[in-house]
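Below is one structure; the comments refer to it alone.
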Amino acid sequence: MNHQPFETWIIDDLPLDKQQQTELEEHLRDCQSCKTLQLSWETAKHKIKSAPVKQPSPGFSMRWQASLKERREAEARSQSRTLFIWIGSLVAVSIITFGVIALPELSFISMVISFVTTLITVTTSVESIVALVESVANSLSPTARILAGIGLSTVISVFTFVWGITVWRMSRKGVKQYEED
Ligand SMILES: [Zn+2]
């Protein structure tokens, strides 16, 4: 059975003339396929028309975007702070460990000098690293940021610790040489 032009007539919302209307009615009497099509098309149209369309209030999208940006910035700031505290604590622990190991070998003054020097060096490098991390972190997902932060601070503290040990060994060597002389 040929379903054209009836399928087109059913789907198109164009008005039919009297002859077309009669032809369509006759075809629909005989053709279950086109009858089903007409019925489902009418149902679909009715559903589309009666579906409540919720329009967002004017400015909603803009406000939402703005608050999202604010939330992201606040989140980034809080994560940077956490990262800074985390790095700071690990570095402090490394310095204290280094201090405790080195303490019997070094005088109080050289201890203080090396502590201050270490602190300034570390603070300066941590500051520049944090600035770099912040710019990188802003383009990462929260989980990636935390993982990167933990990874980076671990590397920094290991590096600080190894560096501390090296300085301590060098200073011990110096003390020994001084004692031998
Ligand atoms: Zn048909």
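Coordinate-derived values only; no laboratory data. Please read these numbers as outputs of a predicted model, since none were measured by experiment. Using ideal geometry, Cβ is built from the backbone for each residue, glycine included, and neighbour counts are taken over all protein chains shown.
Structure notes:
- The ranking of 37, 68 from fewest to most other beta carbons within 10 Å of each one's beta carbon is 68, 37.
- Extension gain, residue 69-residue 127: 0.36 nm per intervening residue step, less the Cα-Cα distance, totals 18.4 nm.
- In order through the range 93-98: 3J(HN,Hα) via Karplus (6.51 cos²θ - 1.76 cosθ + 1.60), integer Hz, x for Gly, Pro: 4, 4, 5, 5, 4, 4
- Treating r as the C-beta distance of residue 169 and residue 144 and R0 as 41 Å, the FRET efficiency rounds to 0.65.
- Pairwise Cα separations in the range 120-171 fall into 5 Å bins from 0 onward with the following percentages, short to long: 5, 19, 22, 23, 14, 9, 5, 3, 1.
- Modelled FRET efficiency - R0 22 Å, residue 17 with residue 48, Cβ distances, 0.05 increments: 0.25
- Sorted fewest first by neighbouring Cβ atoms within 10 angstrom, 145, 172 come out as 172, 145.
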